[in-house]
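Asker: Structure below; questions to follow.
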Amino acid sequence: MTLPAGVSRRSVLAAAAAGAAAPVFASGAASASGAASASGRTYDLTVLGTSDTHGNVYNWDYYRDLEYDDSAHNDVGVAKLAALVNQIRAERRGRATLVLDAGDTIQGTPLATYYAKQEPITETGERHPMARAMNVLHYDAVTLGNHEFNYGLPLLNLWIRQLGFPALAANAVDAKTGRPAFTPYLIKKVCLGPGAPTLRVGILGLTNPGVAIWDRANVEGKLAFKDMIETAAKWVPVMRARGADLVLISAHGGDSGTSSYGPELPNENPSALIAEQVPGIDAILFGHAHREVPQRFVTNTKTGAQVLLSEPSKWGQRLTRMDFTLVRDRGRWTITEKKSASLNTNTVPEDPKVLAAVRSQHAKTVAYVNQVVATSTEELSAAESRYKDTPILDYINKVQTDTVTAALAGTPNAGLPVLSIAAPFSRTAVFPKGDVKIKDVAGLYIYDNTLEAVVLTGAEVRAYLEFSARYFVTLPVGATPDPETISDPAIPDYNYDVISGIEYDIDISKPAGSRIIRLDIAGAPVPADARFVVAVNNYRRSGGGNFPGIVKEQVYNAQQEIRQLLIDWAQAKGEINPADFFVPNWRLVREGVPVF
């Protein structure tokens, strides 16, 4: 066999070995009971897909300490997914059913954070709750998502070893050798019926190249992340040459064809482009965008084949079901029909075996997040923080400013004003009047970001704010402002930033790029050449969101988690009082008149 450039025979053999697990046997015939068609015998295969479970096992909201619920009455968690998967397996009476996951698994809830930060599995040796849960469900393979790299390679590699199935990421390569750093693919031997020839299903995993930006501190110099389209084009022929009759891709990248970062890295969301440009693919399960895409067909431009795509939303709210009808004729398999659907996990109870496997870890997490850290003098809400200056975001900026200011003492930058950047991550976060618990702080700062700082000029601060202000739609003078429609739905809340330490007005009646009509410090305009130390999270400083001017050398980076700094500050003070940190310094205006 002739291999593509850059593909070693050793890596191919290793991948093949990974796929040499026990075949999936079927106890019954296909949908037509194995009846002969005009051209051959008909069989079927079902592939179930999950993605972006983000540390959700129980149907539980740790921030509210209640069963999860939203306005659409969605449920979440691997326990719900397992119940739905088991229901389908039972309905199919053992006929061939594969289960895949498209990534972002070990980050996203206090449960996941607890076993990465408070009692890290790398120190205790305990099995990660997501490994426990997923092993009960019996996945066939998982693709690594970008958030798998959040806690560093030692924890990621241990989690992978704890899984009872392969973890795939063909485009993550060793930075020095260029060889695959993880299993690139597997070929699963599937039996579709009594006496039926084996169907060989090739499964290729592709992670997101944005890891190189978002987790630069964890992967720089160790791993490189190749273009997902290029990688698929490299490995799909290898899989076909190794005998794959049906090729599936499990990709942690959306189907929009756009990126949240600049053009310096490969496309962040190329799943539809992969289907369009790479021949030999039958279907793609994709994730990362947190969208529900029940069924989409994309025409491959080289072969004219219709490639099936599906994305199962987020957090375990949906399960993708792909169904393939196949005919075996003259020694070859042919797909005669394929379709997919999105199934809602709120139709089933939680699987008791999954709950039992994670019960003690769930209980420990619940106890942890209910610890009181301080008393708040009044209720502080994030509900209006996207369009009004609110005390709860100023709390974040106060803690970040204090931390960086103290760290700069005695350094050449000690005399510079310190500004701080925060984003409205949550619209529902509340510090209640009275006891504030860890879950309240975690509900405000839902990401595991660390604090960094860089030096920006006045001109760079203005450019940064102009970029942030594109978040708002243009609202002419006289039009009625509506908080529900005031922002561009294409820009997520976490990509809108506010800055403390300066005063500014955002005129949303003007076009994006010319909205910062006032930018002052201490009552005077900010000079373009002024210099500031700016406290910012590692995601933004690494290029997340593609904000201008912020990707530069840090003057502070102690690898301190911002959420923990918020908790520590509250515990040290014992009281959260807006009088200690709330400084109204920005507002939305139209021709100088406040919008709200």
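Asker: Using 0.36 nm per residue, how much length does the chain from GLU67 to HIS138 gain when fully extended, once their Cα-Cα distance is taken away?
Answerer: The GLU67-HIS138 span can extend by a further 23.0 nm.
Asker: With +1 on each Lys and Arg Cβ and -1 on each Asp and Glu Cβ, and nothing else charged, work out how big the dipole of segment 50-110 is about its Cα centre, in Debye to the nearest 20.
Answerer: Rounded to the nearest 20 debye, it is 560 debye.
Asker: Let me ask something additional. Looking at segment 250-322, which trypsin sites (Lys or Arg not before Pro) are DSSP coil and have at most 14 other C-beta atoms within 10 Å of their C-beta?
Answerer: Those that pass, being in a loop and sparsely packed, are LYS302.
Asker: Moving to a separate point now. Charges only on Cβ, +1 for Lys and Arg, -1 for Asp and Glu: so what's the dipole of the chain about the Cα centre, in debye to the nearest 20?
Answerer: Computed about the Cα centre, the dipole is about 2760 debye.
Asker: Can you tell me which aspartates and glutamates have their Cα less than 19 Å from the Cα of LYS573? Leave out same-chain residues fewer than eight positions away.
Answerer: Straight-line reach from LYS573, under 19 Å: GLU378, GLU379, ASP394, ASP402, ASP435, ASP440, GLU561.
Asker: Toward the positive end of the charge dipole of segment 483-582, about the Cα centre and with charges on Cβ (Lys, Arg +1; Asp, Glu -1), which of TYR494, PHE547, SER514 goes farthest?
Answerer: Comparing the listed Cα positions along the dipole, PHE547 ranks first.
Asker: Still on this structure, please answer the following. Between GLU575 and ALA90, what is the label-point separation in nm under the 7 Å Cα-to-beta-carbon projection?
Answerer: The answer from the label model is 5.8 nm.
Asker: For the chain, find the longest principal axis of its Cα atoms and tell me its angle to the long axis of helix 228-241, 0 to 90°, nearest 10.
Answerer: The angle comes out at about 10 degrees.
Asker: With a Förster radius of 22 Å, plug the Cβ-Cβ distance of ALA305 and ALA341 into 1/(1 + (r/R0)^6) and report the FRET value to the nearest 0.05.
Answerer: Taking R0 as 22 Å, the efficiency between ALA305 and ALA341 is 0.60.
Asker: Let me ask another. Quick check: residue separation of VAL455 and ARG161 times 0.36 nm, minus the Cα distance between them. What number comes out in nm?
Answerer: Using 0.36 nm per residue and subtracting the Cα-Cα distance, I get 101.7 nm.
Asker: What FRET efficiency comes out for the pair ARG330/ASN557, r = Cβ-Cβ distance, R0 = 51 Å, nearest 0.05?
Answerer: After rounding, the FRET efficiency stands at 0.20.
Asker: Could you provide, to the nearest whole Å², the per residue accessible area of the chain with probe 1.4 Å?
Answerer: Heavy-atom SASA per residue in the chain reads 38 Å².
Asker: Given points 7 Å out from each Cα along the Cα-Cβ axis, report the LYS222 to ASN370 separation in nanometres with one decimal.
Answerer: 3.6 nm
Asker: Just how many pairs of Lys in segment 271-384 have C-alpha atoms closer than 25 Å, counting pairs that are eight or more places apart or on different chains?
Answerer: 7
Asker: Rounded, prolate or oblate, given the Cα gyration tensor of the chain, with a/c below 1.5 counting as rounded?
Answerer: Prolate, since a/c reaches 1.5 and a/b exceeds b/c.
Asker: Report the full-extension gain for the segment THR198 to SER514: residue separation times 0.36 nm, less the Cα-Cα distance, to one decimal in nm.
Answerer: Between THR198 and SER514, full extension yields an extra 107.5 nm.
Asker: Shape call for segment 77-184 from the C-alpha gyration tensor, a ≥ b ≥ c root eigenvalues: rounded (a/c under 1.5), prolate (a/b greater than b/c) or oblate?
Answerer: Oblate, because a/c is 1.5 or more while a/b does not exceed b/c.
Asker: Read phi for every residue in segment 554-562 and hand back ³J(HN,Hα) as whole Hz from Karplus 6.51 cos²θ - 1.76 cosθ + 1.60, θ = phi - 60°, with x for Gly and Pro.
Answerer: Along segment 554-562, the couplings run 7, 9, 8, 6, 9, 6, 9, 6, 5 Hz.
Asker: Out of all DSSP beta bridges in the chain, what portion is antiparallel? Express it as a percent rounded to 5.
Answerer: Of those bridges, close to 70 percent are antiparallel.
Asker: Need one word for segment 399-480: rounded, prolate or oblate. Basis is the Cα gyration tensor (sqrt eigenvalues a ≥ b ≥ c); a/c below 1.5 gives rounded, then a/b vs b/c decides.
Answerer: Oblate shape, in that a/c is at least 1.5 and b/c is the bigger or equal ratio.
Asker: Also, quick follow-up: With θ set to phi - 60° and the Karplus curve 6.51 cos²θ - 1.76 cosθ + 1.60, what are the ³J(HN,Hα) couplings of segment 247-257 in order, to the nearest whole Hz, using x for Gly and Pro?
Answerer: These are the phi-based 3J(HN,Hα) values: 10, 10, 10, 10, 10, 8, x, x, 10, 7, x Hz.
Asker: Okay, next question. Assuming R0 = 51 Å, what is the FRET efficiency of THR474 and LYS117, from their Cβ-Cβ distance, to the nearest 0.05?
Answerer: 0.75
The values are calculated or read from the model by the stated rules, or taken from the named source; none is laboratory data. Just so you know, these numbers come straight off a predicted model, no measurement behind them. No Cβ is skipped: glycine too gets one built from the backbone with ideal geometry, and neighbour counts run over all protein chains shown. For the accessible areas, the whole protein counts, side chains as well, though only heavy atoms, and no ligand, DNA or RNA atoms are used. Shrake-Rupley method; radii C 1.70, N 1.55, O 1.52, S 1.80 Å.
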